[in-house]
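Okay, structure first, notes after.
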Amino acid sequence: GESVGLHLPTLSVQEGDNSIINCAYSNSASDYFIWYKQESGKGPQFIIDIRSNMDKRQGQRVTVLLNKTVKHLSLQIAATQPGDSAVYFCAEIPANQAGTALIFGKGTTLSVSS
Amino acid sequence: EAEVAQSPRYKITEKSQAVAFWCDPISGHATLYWYRQILGQGPELLVQFQDESVVDDSQLPKDRFSAERLKGVDSTLKIQPAELGDSAMYLCASTQWGANEAFFGQGTRLTVV
């Protein structure tokens, strides 16, 4: 599968490969994180979330990993499909501020070729 | 499935003109956000409402932007006068009170010419 150690703005993979998208967050006090998927011309769509008291959470074909030591978040997509092509953003919320607006990181454009 | 509704989807306006965007959040969502997203970047908060009250408008350019949510339900974002640099996607999002996951609308793509 394709892996990116540092944040890169684009990631190209073949259909069926596993994709890993990375995100560095800014606030060590943040305790809630979300990954969003944004298709061209549409609003961001929720994929998966994780709280800071966890280091891993799995969904359907997606896994989010959280490394608080280095303030790093990753999204793993298994068996990537053409429909996964989109821009992916991580977002964070500072601790004890539920309802506070999300702070978005830099996006990664995932391109899946068949 | 409940959605955040925004209109119009696309808007082209000349600089110095006024423009307005409308958002209807998911029913029952007390918190409403307006974000601006410049092409190639992540969304950035403009203003946050809790019911009809502004919670955070620190990033709203108040000399030209205004937002209101008079009855605590739908909201309007206005720009007057529009400038070329205002060309962007304007996204509305809503959450239940105290929740973290924000649900986004399809956005309004503004082009200022």
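The values are calculated or read from the model by the stated rules, or taken from the named source; none is laboratory data. Small disclaimer: the values here were computed from a predicted structure and weren't measured. Virtual Cβ from ideal backbone geometry, glycine too; neighbours counted across all protein chains shown.
Take the conditions (1) part of a loop (DSSP other than H, G, I, E, B); (2) among the polar types (S, T, N, Q); (3) within 12 Å of another protein chain (Cβ to nearest Cβ); A:T109 misses just one of them, which is (1). The single condition among (1) crowded, with 18+ Cβ neighbours inside 10 Å; (2) over 14 Å from A:N22 (Cα atoms); (3) basic (K, R) that A:K37 does not meet is (2). Is it true that some residue in the stretch A:19-33 is out of contact with any His (no Cβ under 9 Å at 6 or more places or on another chain), under 30 Å from B:A5 (Cα atoms) and surrounded by fewer than 17 Cβ atoms within 10 Å (Cβ to Cβ)? Looking for residues that are out of contact with any His (no Cβ under 9 Å at 6 or more places or on another chain), under 30 Å from B:A5 (Cα atoms) and surrounded by fewer than 17 Cβ atoms within 10 Å (Cβ to Cβ), one finds none in the stretch A:19-33, hence no.
List the number of the failed condition for A:A79; all other conditions in (1) surrounded by fewer than 19 Cβ atoms within 10 Å (Cβ to Cβ); (2) closer than 17 Å to A:A24 by Cβ; (3) out of contact with any His (no Cβ under 7 Å at 6 or more places or on another chain) hold. In the conditions (1) surrounded by fewer than 19 Cβ atoms within 10 Å (Cβ to Cβ); (2) closer than 17 Å to A:A24 by Cβ; (3) out of contact with any His (no Cβ under 7 Å at 6 or more places or on another chain), A:A79 misses (2) alone. A:R61 falls short on exactly one of the conditions (1) more than 14 Å from A:Y88 (Cα to Cα); (2) at pLDDT 95 or above; (3) within 14 Å of another protein chain (Cβ to nearest Cβ), and that condition is (3). Inspect all residues belonging to the stretch B:75-90 and state whether any of them is within 11 Å of the chain's Cα centre (by Cα) and acidic (D, E). Checking the stretch B:75-90: not a single residue is within 11 Å of the chain's Cα centre (by Cα) and acidic (D, E). Within the stretch A:40-76, if we keep just the residues that are surrounded by 15 or more Cβ atoms within 10 Å (Cβ to Cβ), polar (S, T, N, Q) and touching a residue at least 24 places away in the same chain (Cβ under 8 Å), the residue that is farthest from A:S111 (Cα to Cα) turns out to be A:S52. Restricting to the stretch B:37-54, give me the number of residues that are within 11 Å of another protein chain (Cβ to nearest Cβ) and touching a residue at least 24 places away in the same chain (Cβ under 8 Å). So the count comes out to 7. A single entry from B:T108, B:T76, B:T31 fulfils the requirement of being touching a strand residue (DSSP E or B) at 6+ places or on another chain (Cβ under 6 Å) and more than 11 Å from chain A (Cβ to nearest Cβ): B:T76.
Pairing residues of the stretch A:3-24 that are within 22 Å of A:I103 (Cα to Cα) with residues that are assigned to a loop (DSSP other than H, G, I, E, B) and at pLDDT 90 or above, at Cβ distances under 9 Å and at least 6 apart in sequence or on separate chains, gives A:P9/A:G107; A:A24/A:V70; A:A24/A:K71. Of note, B:A93 satisfies the criterion of being at the interface with chain A (Cβ under 10 Å from one of its Cβ atoms), among the small types (G, A, S) and in a strand (DSSP E or B).
In the stretch B:20-27, the condition of being among the aromatic types (F, W, Y), in contact (Cβ under 8 Å) with a residue 40 or more places away in the chain and more than 14 Å from chain A (Cβ to nearest Cβ) is met by at least one residue.
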